[in-house]
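Novice: Attaching a single structure in structure tokens format; questions to follow.
The values are calculated or read from the model by the stated rules, or taken from the named source; none is laboratory data. Computed from a prediction, not measured in an experiment: that's the story for all the values here. Positions of Cβ are backbone-derived with ideal geometry, glycine not excepted, and every protein chain shown enters the neighbour counts.
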Amino acid sequence: MTTLEQRLDHGDIIIIDGAIGTELQLRGADMDGMSWCAAATETRPDILRTLHEDYIRAGADVITSNTYSSCRHVLEAAGMGDDTVVLNRRAVELAREARDAVADRPVWIAGALSCFTAGLDYNRRPDAEIAKANYREQAEVMAEAGVDVIVLEMMLHSERAAAAVEGAVSTGLPVWVGFSCRSGDDGSVLMYPHSGDAEMFADVIPKVMAVGGSVAGVMHSTVEDTGPALDVLREHWSGPLLAYPESGEEFTMPIWHYEENVSAEGLADACEDWVAQGVQIVGGCCGTRPEHIRALRERMPAQLPS
């Protein structure tokens with residue numbers, strides 16, 4: 001079977017799936033105040049498996065495992081630390097089961113790993129060395145469970161993002177790095193946290209991508225902020241690009257509020273523009289649904305424009 005890297009080298013457009021966590025919530029899975037959607041892997045595997053199947057039917061080339069908030073330090077804060085290996089392995093198994101059940105074409109599985117902090121409380125950030133060990137553990141478990149690529153989601157600052165990249169590349173798998181950005185009041189592109197010490201995106205890219213990673217992109221950012229962030233990224237990264245923005249901005253842990261949503265056609269319009277500028281991997285993040293991915297499948301070209 002052709003690999004993802006071969007498809008990227010060929011110039012193919014790759015469609016990644018939409019939201020996992022917010023869609024689990026919308027379909028009735030219980031969200032946890034510390035680990036958000038992680039427990040749904042154990043409590044509602046039926047919903048999770050069906051969600052993966054729906055994204056495959058909608059046209060996703062890549063589906064992401066429900067492991068965004070399943071790193072050990074997050075699960076420990078939720079009282080589930082002893083289940084770290086089991087939950088990460090099972091999340092990948094459910095994605096594989098969905099692929100085996102409905103895919104009639106090549107579909108790849110991305111193991112999601114993020115800088116998510118338990119309860120979205122930055123005071124709960126573990127020691128840097130502990131975080132690094134936990135990122136590596138999670139990456140290795142997902143690799144052993146059978147993911148095809150590791151996607152680093154919501155990379156927020158250079159130190160933690162570099163640690164996550166280091167852990168992910170140790171598996172030998174392709175690593176896609178998804179940065180989360182916002183526009184500053186002066187038009188600059190900053191990392192996502194709304195704090196006075198947010199780093200400039202331009203400063204973060206070379207520090208993180210020097211550690212490793214075969215793809216870089218912008219995710220879990222608004223459509224409006226994604227375009228300017230991609231402009232900055234092109235100045236500092238010459239490899240393949242990805243973009244999968246969120247739809248709606250209101251999140252009160254652990255509930256995502258579906259407000260100010262980006263329509264399926266609106267997302268497709270934005271992605272058409274980004275593909276014309278060289279973005280090769282497109283999809284959606286929080287708030288996006290299978291209909292968004294279906295619109296991308298219908299609208300995206302087969303390959304990057306020459």
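Novice: Quick one: residue 46 ticks every box in (1) modelled with pLDDT of 95 or more; (2) closer than 25 Å to residue 134 by Cβ except a single one, so which number is it?
Specialist: The failed condition is (2).
Novice: When you go through (1) touching a Leu at 6+ places or on another chain (Cβ under 8 Å); (2) within 20 Å of residue 73 (Cα to Cα); (3) among the aliphatic types (A, V, I, L, M) one by one for residue 163, which number turns out not to apply?
Specialist: Evaluating residue 163 over (1) touching a Leu at 6+ places or on another chain (Cβ under 8 Å); (2) within 20 Å of residue 73 (Cα to Cα); (3) among the aliphatic types (A, V, I, L, M) leaves (1) as the failure.
Novice: Another question about this same structure. Scan the stretch 261-292 for residues that are surrounded by fewer than 19 Cβ atoms within 10 Å (Cβ to Cβ) and in a loop (DSSP other than H, G, I, E, B) and jot them down.
Specialist: 261, 263, 277, 278
Novice: Condition test on residue 202, is it of a type in the set (A, V, I, L, M) and surrounded by 16 or more Cβ atoms within 10 Å (Cβ to Cβ)?
Specialist: Criteria not met by residue 202.
Novice: In addition: Only one residue in 126, 206 is touching a residue at least 24 places away in the same chain (Cβ under 8 Å), farther than 30 Å from residue 97 by Cα and not in a helix (DSSP H, G or I), so which one is that?
Specialist: None of the other options fit; the residue is 126.
Let's see how each residue does on (1) touching a residue at least 60 places away in the same chain (Cβ under 8 Å); (2) under 16 Å from residue 114 (Cβ atoms); (3) in contact with a Ser or Thr (Cβ under 7 Å, 6 or more places away or on another chain); (4) not in a loop (DSSP other than H, G, I, E, B):
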position	(1), (2), (3), (4)
2	yes, no, no, no
25	yes, no, no, yes
46	no, no, no, yes
53	no, no, no, yes
57	yes, no, no, yes
87	no, yes, yes, yes
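Novice: Still on this structure, please answer the following. Can you name the number of the only condition in (1) in contact (Cβ under 8 Å) with a residue 60 or more places away in the chain; (2) within 22 Å of residue 9 (Cα to Cα); (3) out of contact with any helix residue (DSSP H, G or I) (no Cβ under 9 Å at 6 or more places or on another chain) that residue 234 fails?
Specialist: Result: residue 234 passes all but (1).
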